[in-house]
Every structure is written in structure tokens, then in C-alpha cells.
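Accompanying notes for the structure given below.
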Amino acid sequence: MASVTFKKIVKKYNDNLILDGVDLEIRDHEFVVIVGPSGCGKTTMLRLLAGLEEITSGDIEIDGLKVNDLPPAKREIAMVFQDYALYPHMTVKENMSFALKLRHFPKDEIEKRVKESASILQLEKLLNRMPKQLSGGQRQRVAIGRAIVRKPKVFLFDEPLSNLDAKLREEMRVEIARLYQKLNSTIVYVTHDQVEAMTLAGRVVVMNKGHIQQSGTPLDVYRKPQNVFVAGFIGSPTMNFLRGKIEKQEDFFYFSNQSVKIFLPLFSFPEVEKYSGKDVILGIRPDDIILDDKKIDHAHKISGNVEVIELLGHRENIYIKVGDQKILAVGEAFSNFSPGSLVEFSFNYKNIHIFDATTEKRINS
Amino acid sequence: MKRETAKQILIHLALISAAIICVYPLSRIFTVSIRPGDRVISTDLALIPDGATFLSYMKLLKETYFLRWLFNSLVITVTTSMIGVSLASTAAYAFSRFNFFGKKSAMIMLLSTQMIPAGMLILPLFLMIMKMNLMNTYLGMIIAYSVSSLPFSIWILKGYYDTIPKSLEEAAMVDGTGYVGAFWRVILPLSAPALSIAFLFNFTSAWNEYLVARVVLFSSKQYTWTLGLFELQGQFITQWGMFAAGSMLVTIPVLLVFLYSSKWLVSGLTLGSVKG
Ligand SMILES: Nc1ncnc2c1ncn2[C@@H]1O[C@H](COP(=O)(O)OP(=O)(O)OP(=O)(O)O)[C@@H](O)[C@H]1O
Ligand SMILES: [Mg+2]
């Protein structure tokens with residue numbers, strides 16, 4: 001139970017700038033999920049916080065206490081490593097009690113805590129096994145167990161589910177969400193996986209190239225991405241981006257390029273007046289493209305040709321081409337579109353995202 | 001199924017012949033050691049010769065300093081091996097885990113010392129040990145031996161440490177150890193196979209060493225068994241019976257050390273620590 005503060009954290013490996021002045025404040029009992037593309041510095045953030053890596057400049061505080069020079073052992077942090085890192089020469093029980101033994105906890109207290117954690121994670125029957133006698137999912141649970149017996153101030157998880165198969169990952173995700181309710185502690189969780197980020201996080205921190213791009217609730221980063229990177233990174237399938245200009249015709253505003261012309265009602269872009277004639281990027285999620293004839297805005301509908309259809313079970317991806325503009329829409333499965341056929345659609349105006357073409361920053365509120 | 005059996009047979013054949021090649025000379029020495037004194041140099045091939053006797057053993061133990069030599073050898077060898085392994089295990093850790101100036105060249109230098117023939121080192125070793133006033137002492141021998149096996153041990157251990165994932169130590173440090181604690185509680189236990197190989201290497205090379213001992217030790221009572229046994233090669237007659245008996249006896253400690261350490265030689269200990 002603790003707050004964590006990153007203040008202007010810079011991290012360089014030799015001359016490579018990995019983190020470029022990261023500021024992040026994590027409140028007590030917050031579940032923060034850090035997402036970002038591979039190599040953007042997520043693991044580095046955790047390692048700096050754990051004390052496994054030296055900070056080039058800036059400060060890290062835990063509960064208001066500067067920990068820059070504190071060795072990992074003194075930080076009261078538990079970390080679940082991406083590769084689990086179980087001690088191969090110790091049984092599950094020994095793995096879990098290792099940290100407590102080092103801190104000279106009394107035997108019965110150790111026993112009690114190991115038992116407690118083992119029952120939360122359903123490890124009771126495995127306590128005397130060696131790590132090599134466990135399945136991937138079991139190892140992963142032991143790694144979590146090793147962390148929770150310590151009741152640390154902060155938990156760090158580095159892509160803990162990335163090595164598991166889809167079904168197990170789902171189970172463990174629910175498990176972790178339940179643990180969080182029970183443990184009442186601060187969690188910093190790194191992942192590639194959007195679903196994990198959206199379902200687990202109290203706050204999502206999107207990183208790219210050593211910078212925090214946006215930090216907010218899952219709904220926030222999904223509904224109001226602050227820039228093109230976040231918009232493209234969060235959400236699956238990826239948002240459509242259309243480059244064009246804002247045009248005014250008879251008191252109405254439109255987004256247009258040589259292939260499409262899209263009506264922009266004022267509520268979707270209240271600041272539109274200011275940008276009239278300017279270059280912008282319009283973002284629209286595939287789910288926000290309306291194909292249903294009853295819901296389409298018939299006054300401003302757009303028509304295109306279906307290029308490819310991917311059936312995904314209950315939904316399908318429909319790749320549409322309007323002139324030279326490619327647009328991906330998601331529709332109900334078996335919608336009776338076929339490649340080459342004509343399709344009419346309109347945008348869900350509530351969820352249109354407009355970005356400045358040069359700064360790539362969001363401009364509609 | 002048939003292929004498996006054929007493979008098994010081939011493997012067994014190879015192993016059996018290797019075993020015979022190893023054991024045969026030993027069996028001859030054994031035979032010689034229990035022949036009666038007047039017939040040591042006979043062409044008889046029986047494993048247990050006519051009139052077999054332990055007389056040579058008795059004579060060896062009673063009439064020479066053999067037990068004393070064995071004791072000297074043991075003290076020197078065991079101390080050497082322990083010092084060698086402790087120095088190598090820590091040095092190798094530094095080489096494996098830390099970056100420091102001159103690391104690469106130091107590793108190569110260590111390797112290149114192994115290419116200098118032992119004979120060439122005798123004179124400098126002699127001079128150094130003399131200057132340190134350690135001639136004819138255990139300490140002189142121990143120093144000479146521990147440093148000579150060090151490079152090899154360091155290479156072996158460094159290679160082994162390199163295969164241990166770094167995240168294990170990091171986990172230990174997050175769990176509450178320092179660098180030393182992580183080394184002691186995680187790296188060392190995991191390195192048991194490599195440590196025992198380094199120990200065996202130190203042990204056998206010190207146990208069987210002759211040249212350096214010849215130069216450093218000069219009183220009969222301080223001899224290691226190698227010097228002692230060769231003293232039995234008299235100028236005019238060599239006591240082959242006693243020589244063989246001695247040879248048999250000195251294999252016993254090595255055998256025991258091998259048997260004991262074999263349980264540590266199990267590999268695959270790092271299995272299951274990381275990933276799935
Ligand atoms: N010890 C190191 N020496 C030099 N560069 C390093 C070192 N560790 C990491 N890096 C670099 O720092 C950058 C960030 O690495 P980091 O491990 O934090 O990425 P990540 O966001 O966790 O990526 P992934 O999602 O693939 O795990 C990468 O470009 C990596 O090459
Ligand atoms: Mg990573």
C-alpha cells in the first residue's frame with residue numbers, strides 16, 4: 001500500500017535514450033497498466049522502480065520517500081518477472097518462503113502466509129514440487145504466490161501472462177483481478193495485451209518511444225485518445241485514419257479528401273469552425289461504421305465497394321474501398337456482403353476523432 | 001523397436017570396450033602388487049597369481065613413509081582444491097556478470113597461460129617459492145597448485161554461470177538479498193555440477209602432480225606420494241611389488257572423491273526455472 005512517483009525520469013543505456021523524462025504519479029491502491037509497443041521502455045520502468053537498474057536522472061519516490069539509491073531489497077517491492085524466475089533448486093514452498101526467511105520472520109508466520117497464498121492461488125497440492133515439475137500456468141501462479149506472501153507495498157508485474165495459452169490467460173486475468181480486490185495494494189502491470197489493459201486497469205498508461213503518450217482510465221484512452229499514436233494503439237481492430245481537409249459548404253462542415261466526403265455534425269467536432277480549410281486526420285473505429293440500413297444517416301451516406309471479408313465467428317471484418325480510400329468496418333457475421341458488391345455506410349458521429357495533421361494531437365473535445 | 005535394441009547393443013558394446021581398456025592396466029598392476037616377491041617380473045597372466053600375498057603392501061606401509069606421503073598429498077590436494085574452487089567461483093562470477101575494464105583481455109590471458117607447457121613454468125615457480133621462503137612446505141605447494149588450475153576452473157565456471165538466467169539473481173535481490181546473498185543462495189547451489197567438475201579437476205591434477213613437487217619438496221618426509229613412489233625406483237633395483245601396491249592404494253582417495261561428487265554432477269538443475 002503505497003504511492004509511487006516518477007519525476008522526470010531519464011534512462012540511457014550508453015548513448016541510447018530509453019526513457020525521456022517520464023513523469024507519472026501512481027496513487028495508493030491504484031492498478032496501473034503500462035502498455036506500449038515492444039521496446040518502448042515498459043520493462044525499463046519496472047526495473048528502475050524495483051532498483052534493478054540505475055536511473056540516469058530524475059527521482060523515484062515510494063510513499064514520498066526518494067528511493068533512487070535504495071537497493072532492491074530495501075524497497076519493499078515484489079516483482080513477477082516476465083520469465084517467472086523461480087528458483088529451480090527450491091520447492092514451491094521454499095520459493096514462496098524465501099523472502100520471508102531472509103527477513104527472519106518467525107516460522108509459524110511464514111507457514112501461515114504460505115498456506116494463505118497457496119490457497120488463494122490453488123497451489124496447496126503443489127507445495128512440495130520442484131519448479132520443473134510444474135506446468136506453465138502453475139509456474140506462473142507460483143511466481144505470483146512468491147510475490148503475495150510478502151505483502152509488499154507495490155507489486156510489479158512484467159507481462160506475467162504472455163507465456164500462457166489463450167484460455168489460461170483468461171483464467172489468470174480474472175484471478176489477478178480478484179487478487180487485486182483482496183490484496184488492497186498498489187499494482188504496476190506491464191502488458192502488450194489490450195484486453196488485459198482494458199479489463200484490469202484502473203488507469204492505463206500508454207507509452208511510446210520513451211514518452212508517456214496518455215494516461216487515463218481505460219474508457220478515457222479508448223473514447224478520447226489524445227493523439228494518433230494512442231488512437232491507433234488502443235482498440236482492435238485498429239482505428240481507420242483518413243487524411244484530408246475540413247471544408248465548409250453552406251453552413252455545414254465536411255471532412256473531405258479526393259475519395260470521400262464526410263459530414264461533420266457540430267456535436268462531433270464543436271471546434272470545427274477554427275479548423276476550416278486546415279489539414280486534419282480523421283479517426284474512426286471499425287465498430288463505429290454503421291452498415292445497418294435502418295441506422296444509416298441516409299442524407300450523408302457514403303458508398304463504396306467491398307474488397308475482402310474476414311469472418312471472425314460472430315462478427316466479420318469488411319474491407320471497403322471508396323475511391324482510393326480504404327476503410328475497415330466491422331459488421332454482424334453473415335451480413336450477405338460479398339467481395340465486389342456495393343456497400344453503403346455512415347459514421348457514428350459521436351465517436352469521430354479529429355487530429356491535427358502535423359502535431360497528430362487530438363483537436364475535437 | 002528393433003532399431004532401439006540395436007542402438008542399445010551398440011552403446012553397450014562401446015561402453016564395455018572402453019571400460020575394459022580402462023580397467024585392464026589396473027588389473028595388471030593389482031596382479032603385480034600381490035605377487036610374491038621373487039616373481040614380480042613374470043609373464044604369467046592370471047589375475048590372482050600363485051602364492052598371492054599382501055607382503056608388498058605390508059612392506060610398503062612398514063618400511064617406507066608411505067602413509068606420511070599419502071597424508072601430505074591429501075592435505076595439499078584438498079586444500080588446493082578448496083582454495084582453487086572458491087577463488088574460481090567468485091572470479092568467474094565477476095567475469096560472467098559484471099562489465100569492467102579489461103575483462104575480455106583478462107579472460108584471454110587466463111586462457112593463454114594454459115598453453116604454456118608445464119615444464120616452462122617450473123623455473124619461475126621455483127624462484128618465486130624460494131624467494132617467499134616456502135621451499136619444502138605445504139604452503140608453497142598449495143600456492144603453486146591452486147594458481148595453476150585456476151584459469152581452467154574460471155573458464156568452466158564462467159561458462160556455466162552464463163547459462164543461468166540473470167532474472168534469478170534479480171528475483172533474489174527483489175526478494176531481499178544483496179549481490180553476495182544472491183550469489184550464495186541462488187548461483188552457487190545451482191552451479192553444483194560445474195563446481196564439482198572444477199573441484200575434481202583441481203583434485204586430480206594436484207593429486208597426480210610430479211614436476212613441481214620434485215622441485216619444491218626435498219626432504220623425504222615432506223614428499224607427496226608421487227615423489228615417494230618414484231623413490232622406490234632404486235638405482236639398481238626397482239621394488240616393483242611395492243610400487244604396484246602403492247599405485248593401487250593411491251587410487252582409493254580419487255575413487256572416493258569421484259563417487260561422492262558424482263551425485264552433484266547431475267545436470268539440468270536449471271530446468272523449469274524460467275518460461276514454459
Ligand atoms: N541492458 C540494456 N542495454 C542496452 N539497451 C537495453 C538494455 N535493456 C533494454 N535496452 C533497450 O531499451 C529499450 C527498452 O527496453 P524495454 O525492455 O524496457 O522494452 P519493453 O517496452 O519492455 O519491450 P517488450 O514489450 O518487448 O518487453 C529497448 O530498445 C532495448 O533494446
Ligand atoms: Mg519488456
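The values are calculated or read from the model by the stated rules, or taken from the named source; none is laboratory data. Just so we're clear, the structure is a prediction, and the values are computed from it rather than from any experiment. So basically every Cβ, Gly included, is an ideal-geometry build from the backbone, and we count neighbours across all protein chains shown. With ligands, DNA and RNA removed, areas are computed over all heavy atoms of the protein, side chains included. Shrake-Rupley method; radii C 1.70, N 1.55, O 1.52, S 1.80 Å.
Scan B:Phe71, B:Phe101, B:Phe152, B:Phe66 and give me the residue that is crowded, with 16+ Cβ neighbours inside 10 Å and either farther than 25 Å from B:Trp225 by Cβ or without any contact (Cβ under 8 Å) to a residue 60 or more places away in the chain (or both). Reasoning before the result, please.
On the way: B:Phe71 fails: crowded, with 16+ Cβ neighbours inside 10 Å; B:Phe101 fails: crowded, with 16+ Cβ neighbours inside 10 Å; B:Phe66 fails: either farther than 25 Å from B:Trp225 by Cβ or without any contact (Cβ under 8 Å) to a residue 60 or more places away in the chain (or both).
That would be B:Phe152, the only listed residue that is crowded, with 16+ Cβ neighbours inside 10 Å and either farther than 25 Å from B:Trp225 by Cβ or without any contact (Cβ under 8 Å) to a residue 60 or more places away in the chain (or both).
For the stretch A:35-90, the set of residues classified as within 16 Å of ligand 2 (Cβ to nearest atom) and basic (Lys, Arg) consists of A:Lys42, A:Arg47, listed by residue number.
When A:Lys182 is tested against (1) within 14 Å of chain B (Cβ to nearest Cβ); (2) out of contact with any strand residue (DSSP E or B) (no Cβ under 9 Å at 6 or more places or on another chain); (3) charged (D, E, K, R); (4) open to solvent by 70 Å² or more (accessible area, probe 1.4 Å), exactly one condition is not met: (1).
Return the residues of the stretch A:1-34 that are within 15 Å of ligand 2 (Cβ to nearest atom) and under 22 Å from B:Met173 (Cα atoms); say none if nothing qualifies. Scanning the stretch A:1-34 gives A:Lys11, A:Tyr13. Scanning the stretch A:209-223 for residues that are surrounded by fewer than 19 Cβ atoms within 10 Å (Cβ to Cβ) and under 25 Å from A:Thr5 (Cβ atoms) yields a count of 7. Output the residues belonging to the stretch A:88-98 that are in a loop (DSSP other than H, G, I, E, B) and either away from chain B (no Cβ under 13 Å) or surrounded by 22 or more Cβ atoms within 10 Å (Cβ to Cβ) (or both). A:Pro88 - this is the single residue of the stretch A:88-98 that is in a loop (DSSP other than H, G, I, E, B) and either away from chain B (no Cβ under 13 Å) or surrounded by 22 or more Cβ atoms within 10 Å (Cβ to Cβ) (or both).
For residues that are in contact (Cβ under 8 Å) with a residue 40 or more places away in the chain and open to solvent by 20 Å² or more (accessible area, probe 1.4 Å), scanning just the stretch A:132-171, find the one that is farthest from the other protein chains (Cβ to nearest Cβ). So the residue we want is A:Lys153. With respect to the conditions (1) open to solvent by 60 Å² or more (accessible area, probe 1.4 Å); (2) touching a Ser or Thr at 6+ places or on another chain (Cβ under 6 Å), A:Arg129 lacks only one, and its number is (2).
The helices (runs of 4 or more DSSP H) found entirely in the stretch B:1-98 that carry 3 or more residues being β-branched (Val, Ile, Thr) and not assigned by TED's automatic domain parsing to the domain that holds B:Thr251 are B:2-33. Under the condition of being of a type in the set (A, V, I, L, M, F, W, C) and at pLDDT 80 or above, the residues counted in the stretch B:21-51 number 9.
Listed here are the residues, each with its yes/no results for (1) hydroxyl-bearing (Ser, Thr, Tyr); (2) at the interface with chain A (Cβ under 9 Å from one of its Cβ atoms); (3) surrounded by fewer than 16 Cβ atoms within 10 Å (Cβ to Cβ).
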site	(1), (2), (3)
B:Pro165	no, yes, no
B:Asp175	no, yes, no
B:Gly181	no, yes, no
B:Ser191	yes, no, no
B:Thr204	yes, no, no
B:Ala213	no, no, no
B:Phe218	no, no, yes
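Taking first residues from the stretch A:186-213 that are within 14 Å of chain B (Cβ to nearest Cβ) and partners that are assigned to a helix (DSSP H, G or I) and within 13 Å of ligand 1 (Cβ to nearest atom), the Cβ contacts under 9 Å between residues at least 6 apart in sequence or on separate chains come to A:Val188/A:Met45; A:Val188/A:Leu46; A:Val188/A:Leu49. Residues in the stretch A:279-325 that are in a strand (DSSP E or B), touching a residue at least 40 places away in the same chain (Cβ under 8 Å) and loosely packed, with under 15 Cβ neighbours inside 10 Å: A:Asp279, A:Ser303.
Would you check if there is a residue in the stretch A:110-131 being within 8 Å of another protein chain (Cβ to nearest Cβ), assigned to a helix (DSSP H, G or I) and without any contact (Cβ under 8 Å) to a residue 12 or more places away in the chain?
no
Note on the stretch A:99-109: residues that are within 13 Å of another protein chain (Cβ to nearest Cβ) and of a type outside the set (Gly, Ala, Ser) total 6. Residue-level analysis places A:Phe81 among those that are closer than 25 Å to A:Leu48 by Cα and either surrounded by 19 or more Cβ atoms within 10 Å (Cβ to Cβ) or more than 10 Å from chain B (Cβ to nearest Cβ) (or both).
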